[in-house]
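What follows is a set of notes on a single structure, which appears directly below.
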Amino acid sequence: MKKYTITGSVQGIGFRPAVKRLADRLGIRGTVKNSGGIVEITASGELLAEFCMGLRSIPLAEIESITEEAAQDSDVDGFTITGSAEGDGILPVIPAD
């Protein structure tokens, strides 16, 4: 299982639902949530490289960085959008109207 931390203009643009659609299409299991000014994804599956590349292609997203690290395996069935967390004081980048 991998944990991806994404910074940039990724909130208020439908990013999490787009991540879920991408994960569902590729058979990725895991979760996505907002956490302060970032988006955190935990994911597992055979097509993680394609999943990570697909994150950069989500319309309207302006990704500054994607960090990847190993995460503890969990017995997640499918891919879900979880509630937002408080985060660590990073302010979100919100796109202009």
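The figures follow:
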read-out	value
Cβ-based net charge around R29, under 12 Å, with every Lys or Arg adding one and every Asp or Glu removing one	-3
Dipole moment magnitude, nearest 20 debye, segment 1-66 about Cα centre, only Lys, Arg, Asp, Glu C-beta charged	200 debye
GluC sites (Glu not before Pro) within segment 1-53, DSSP loop, no more than 15 other Cβ atoms inside 10 Å	E46
Heavy-atom accessible surface of segment 12-63: percent carbon and sulfur, 1.4 Å	52 percent
Nearest 10 degrees, 0 to 90: helix 15-26 Cα axis against the chain principal axis	20 degrees
Percent RCO, i.e. relative contact order, over the chain, from Cα pairs under 8 Å lying at least 6 residues apart	47 percent
Cβ crowding within 10 Å averaged over residues, with 69-81, 17-29 ranked highest first	17-29, 69-81
Net charge of Cβ neighbours under 12 Å - reference G78; Lys, Arg +1; Asp, Glu -1	-1
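The values are calculated or read from the model by the stated rules, or taken from the named source; none is laboratory data. What you see is a predicted model, and the numbers here were worked out from it, not measured in a lab. Cβ sites come from the backbone with ideal geometry, for glycine too, and all protein chains shown count toward neighbours. What goes into the accessible areas is simple: the full protein's heavy atoms, side chains included, and nothing from ligands, DNA or RNA. Shrake-Rupley method; radii C 1.70, N 1.55, O 1.52, S 1.80 Å.
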